[in-house]
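The values are calculated or read from the model by the stated rules, or taken from the named source; none is laboratory data. Values in this document were obtained by computation on a predicted structure and should not be read as measured data. Glycine gets a Cβ as well: all are built from the backbone with ideal geometry, and neighbour counts include every protein chain shown.
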Amino acid sequence: MPAVEQAFTCVGVCQMLSNGYQPIHLFWYNSNPQTVFILAGVTESLEILVFSNGQWTHGSLIYFSGSLNSENATCSVKLITFSS
């Protein structure tokens, strides 16, 4: 289950996307490490990661791979950060 702060942030992010007429293609809760991955945009170019503390990040620094079908689902989300 998502944390309370995380759930409120997800609703806010999805509302922002909806207000901008951006489709949401994937909303994925990953129980380990308790993150939500949202893939949105007409060209599926908006990648958003919501952490359990309610903070979120977006952009091309998120790497998503996985497969979905009716029998099982696998997903891997990795946040790549750069230090200056």
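Here Tyr21 fulfils each of the conditions (1) among the aromatic types (Phe, Trp, Tyr); (2) surrounded by fewer than 14 Cβ atoms within 10 Å (Cβ to Cβ); (3) in contact (Cβ under 8 Å) with a residue 12 or more places away in the chain apart from (3). Restricting region 24-36 to residues that are polar (S, T, N, Q) and touching a strand residue (DSSP E or B) at 6+ places or on another chain (Cβ under 8 Å), the residue that is surrounded by the most Cβ atoms within 10 Å (Cβ to Cβ) is Thr35. The criterion of at least 1 residues that are within 9 Å of the chain's Cα centre (by Cα), modelled with pLDDT of 90 or more and not aromatic (Phe, Trp, Tyr) is met by the following strands (runs of 3 or more DSSP E) wholly inside region 1-83: 24-30, 35-40, 46-50.
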